[in-house]
Every structure is written in structure tokens, then in C-alpha cells.
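To start, the structure under review is shown below, and the notes come after it.
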Amino acid sequence: MTSNVQQNSRGILLVILAMSVFSIQDVLIKFISSNVSLFQILFYRSVIGALLIIIFQRAIGQTIRLWTAYPALSLLRGVFFFFGYSAFYFAQSKMPIANATVLFLVSPFFITILSIYFFDSRVGSRRWIAMLVGFSGVAFIVQPETSQFGWIYLLPVGVALVYSMSMMIAKKTAGEDTVYQQVIVMYFVTAILSGLMGLIFGDGSIADLGIEGIEFISHPWRLNIFSINASLVVIAGIGTTGFILLHSAYRIADPAVISPYEYSGLASVGILAFFVFGEVPSIQAITGMLLIVGAGIYLFNRERLQGQDNAAEASLR
């Protein structure tokens, strides 16, 4: 019993540390978004991330597998990851970073709903009410009836849905593929797709179309500037470190116990966004955040009591 408590305590610490690391990554990505192509970031993030995970597996003595027993599903998940995180980082560059982060945190609600259809899970009235409360928090942040509303605010919610679908695939393929296999294949697919985008638009030609607001996508790839390439390597290293920390937490601790602590990332990203960008959330945004986080924590705890950890078993990263 004491051992389980110790393991859970370590898991909680690792989760909080991992989410803090992810917050640093997200803030750095937004910071350089005015000068660097989104697809160049994703390419470096994927290639270096895959290499670092392979090195980590070798260091801990795990068998390295570079392919998958489910090629079609893994390919689909890689496509989801590419488009999902492209949309998330693009949205993040256009709105307060804490808002983008908390809107993405509705993914546990989608995971719980999708689990009904994919795994015949049963969801009681209390969890449905919690999810409705959480989704009402989205309305406070998006503000659909005010002049502040923009379609860009819907992107993180769409990303949460796509992410949730990818987690359904991850659960389907978990029987034969390890988490490291799944992530490496996902990174390979993302590297290929972002590399193709670089070959097509990496010269900055898309900027000639004159479409306003897409600079993060239309920037030319800057492969000959050391400072940019060094920053991308650092971002990739930080992101991969966050993944390893988070996965290590789920390996040693009870997922239902540690999952709610992933919401700590909202606090860390909010603090960093304040000091780096001067972003201060409005009262409406804070209200929405409290509704989403509160509903999410209730959902995790309710699933734990019911013995159905569909949302808790899927990390938010």
C-alpha cells in the first residue's frame, strides 16, 4: 500500500513537471511564430523527437521497433497528429495561449463520448452533466454572441476532437504496439507530411498569394540561420522530454490518480504567457477555464469510481 502511494506521488510530480515542460515548449513556439514556418517547427519536432525517443529506449534497454502491427490505423493517427497540432499551434499564434490551452482541454469530454461508440462504455447522467458544464465553459471563452468571436477560437476545440479520435486509435493498437512504437510512427508520418509542405511552400511562395493572417504558415524555411535551427532543436528536445516525463508517470502510477494533475499545465502556461507576452485572461475567460477544468477533474474522479478510466488513461499530450 505504501509503495503504491509513493509511486502515485512520484507520478504526480512527473506529471506536473511534464506539463511545465510542455508549457515552455508552447510559449517558445508562439514566441518564434513571427519568424519561423509552422511546418519547419513540426519537421524538426518530429525528426529530433523520434531520434531522442530511440536513444532513450536504448538507454533503458527496451527493444526498438520502428514499424507497427497496424499500418493503416497508425498512418491515420499520424495524419490526425499532423493536422491537429498544425491547427493548434496556428491558433495559439493568434490568440492568448492560455485560452488555446484550456480549449484543447475539452478532449477528455470527447474521449468519454467516443468511448461509448468505440468501446461500448456506459456514461451516466452525472458525467453527461459534467461534460455539458465543461462545454459551457467553451462558450465563455469563445464568446459566440460578441464582436470578439472569431473562427480561430474553434480550432483548439476541433483539435481536441481530432486528438480524441487519435486516442481511440491508440487504444485499439495498444495490444501489439508499445507507446514508443506508436509515437515514433506518428512522428515519422508528421515528418513526411511537414517535409512535403516544406518542399512545396518552403521557399515562401505561398506568401505571394496575399492572404492575410497566415504568416506562420507562409514563412520560408530558414535552414541557413544558426539561431533559428538551434532554437528548433531546443524546442524539439523540450517537447520530447515532456513526453518521456509524462509517459514515465503513467508507467509507474495509477492513471486515474495522476490524470487530473495534467491540468496544472494551464497554470504554468498562464504564468509564462503573462511574463513573456503580457497576456492577462478576461473574467469571462477565467470563468470558462474554471468550468472546463472543474468538469474535467470531476469526470476523471467519476470514471475512477465507476471503474471506467477511458479519459484518465489517455494523457492530454
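Only the coordinates and a few stated rules stand behind these numbers; no lab work does. Keep in mind that what you see is a predicted model, and the values were worked out from it rather than measured. Methodologically, a virtual Cβ is constructed for each residue, glycine included, from the backbone with ideal geometry; neighbour enumeration extends over all protein chains shown.
Observations on the model:
- Put a dot 7 Å past the Cα of Ser282, heading toward its Cβ, do the same for Phe119, and the two dots end up 3.8 nm apart.
- The sum of -39500 (n - 2.57) across all DSSP H runs of n ≥ 4, divided by the residue count of the chain, sets its helix-only mean residue ellipticity at 222 nm to -24500 deg cm²/dmol.
- Lysines whose Cα lies under 18 Å from that of Lys94, excluding same-chain neighbours fewer than 8 positions away: Lys30
- In order through the stretch 283-294: 3J(HN,Hα) via Karplus (6.51 cos²θ - 1.76 cosθ + 1.60), integer Hz, x for Gly, Pro: 4, 5, 5, 4, 4, x, 4, 5, 5, 5, 5, x
- Dipole of the stretch 2-306, positive end: most advanced residue of Leu75, Ile32, Thr190 [Cβ charges, Cα centre]: Leu75
- In a DSSP loop and with at most 10 other Cβ atoms within 10 Å, the GluC sites (Glu not before Pro) in the stretch 209-284 are Glu212.
- In the chain, the ratio of gyration radius to Kirkwood radius, Rg to Rh, stands at 0.95 when only Cα atoms are counted.
- Cα shape, the stretch 175-284, gyration tensor, a/c 1.5 rule: oblate
- Pairwise Cα inverse-distance average, inverted: Kirkwood Rh of the stretch 1-136 (Å): 18.4
- Between Trp128 and Leu196, the distance separating the two model label sites (each 7 Å from Cα on the Cα→Cβ line) works out to 4.1 nm.
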